[in-house]
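Below is one structure, written out as structure tokens, with a few remarks after it.
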Amino acid sequence: NIKIIQNSSWYLSEPIPKSSQPKYYNSVVLCYANHSVNKVLKIIQIIEQKFGRIRIIKNMPRCIDIDIISFNRVVKKSLLLTIPHPRMHLRKFVLLPFFEIDSNWLHPLLKKNIKFFLKKVKYQRIKKLKID
């Protein structure tokens, strides 16, 4: 069982790393899951497959990309998953919507608040969308 608790606004973002790929839509969702993080990952991958995602090479164009950014303050590094997401603190398209949901979030490894990272990351163009 996975339940959505809160979701951020939608954003239009440039691809990272910078490339000829099109801009994409981005949002962050806070969920409750009564599953292990590995089970949640499997569920996410099934959803991505149902939307037509094919994984052949890293950073290839994709129709959907669902990441686990943080999971109950868990710190995990395996071949399948790294939590917190290893580049989340470098990506404005993650930080800005995440900030909407939890402006006091503290990175469990770097021991810095999300506000600290938002001040550091300036290079990515991201636009908050107004959806009525």
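The values are calculated or read from the model by the stated rules, or taken from the named source; none is laboratory data. Note that the structure is a prediction, hence the values are computed from the model and not measured. Every residue, glycine as well, gets a Cβ built from its backbone with ideal geometry; the counts of neighbours run over all protein chains shown. Heavy atoms of the whole protein, side chains included, go into the accessibility calculation; ligands, DNA and RNA do not. Shrake-Rupley method; radii C 1.70, N 1.55, O 1.52, S 1.80 Å.
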Checking residue 35 against (1) within 24 Å of residue 126 (Cα to Cα); (2) modelled with pLDDT of 90 or more; (3) part of a loop (DSSP other than H, G, I, E, B): exactly one of these is not met. Which one?
(1)
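Look at residue 36 and say whether it is surrounded by 13 or more Cβ atoms within 10 Å (Cβ to Cβ) and not acidic (Asp, Glu).
Working: surrounded by 13 or more Cβ atoms within 10 Å (Cβ to Cβ): no; not acidic (Asp, Glu): yes.
Against the criterion (surrounded by 13 or more Cβ atoms within 10 Å (Cβ to Cβ) and not acidic (Asp, Glu)), residue 36 does not qualify.
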Selected residue [more than 26 Å from residue 19 (Cα to Cα) and either free of Cβ contacts under 8 Å to residues at least 60 places away in the same chain or part of a loop (DSSP other than H, G, I, E, B) (or both)] from 118, 80, 109
109
Can you find, within region 105-124, the residue that is farthest from residue 72 (Cα to Cα) among those that are surrounded by 11 or more Cβ atoms within 10 Å (Cβ to Cβ) and charged (D, E, K, R)?
120
Restricting region 62-87 to residues that are farther than 16 Å from residue 98 by Cα and of a type in the set (Val, Ile, Thr), which is most open to solvent (accessible area, probe 1.4 Å)?
75
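Does region 89-99 include one or more residues that are surrounded by 11 or more Cβ atoms within 10 Å (Cβ to Cβ), farther than 19 Å from residue 129 by Cα, modelled with pLDDT of 90 or more and of a type outside the set (Phe, Trp, Tyr)? Spell out how you get there, then give the answer.
First, pick out the residues of region 89-99 that are surrounded by 11 or more Cβ atoms within 10 Å (Cβ to Cβ): 89-99.
Subset that is farther than 19 Å from residue 129 by Cα: 89-90.
Imposing the further condition that a residue be modelled with pLDDT of 90 or more reduces the set to 89-90.
This time we only want the ones that are of a type outside the set (Phe, Trp, Tyr), so: 89-90.
Yes: region 89-99 contains one or more residues that are surrounded by 11 or more Cβ atoms within 10 Å (Cβ to Cβ), farther than 19 Å from residue 129 by Cα, modelled with pLDDT of 90 or more and of a type outside the set (Phe, Trp, Tyr).
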Give me a count of the residues in region 51-83 that are more than 15 Å from the chain's Cα centre (by Cα) and at pLDDT 90 or above.
4
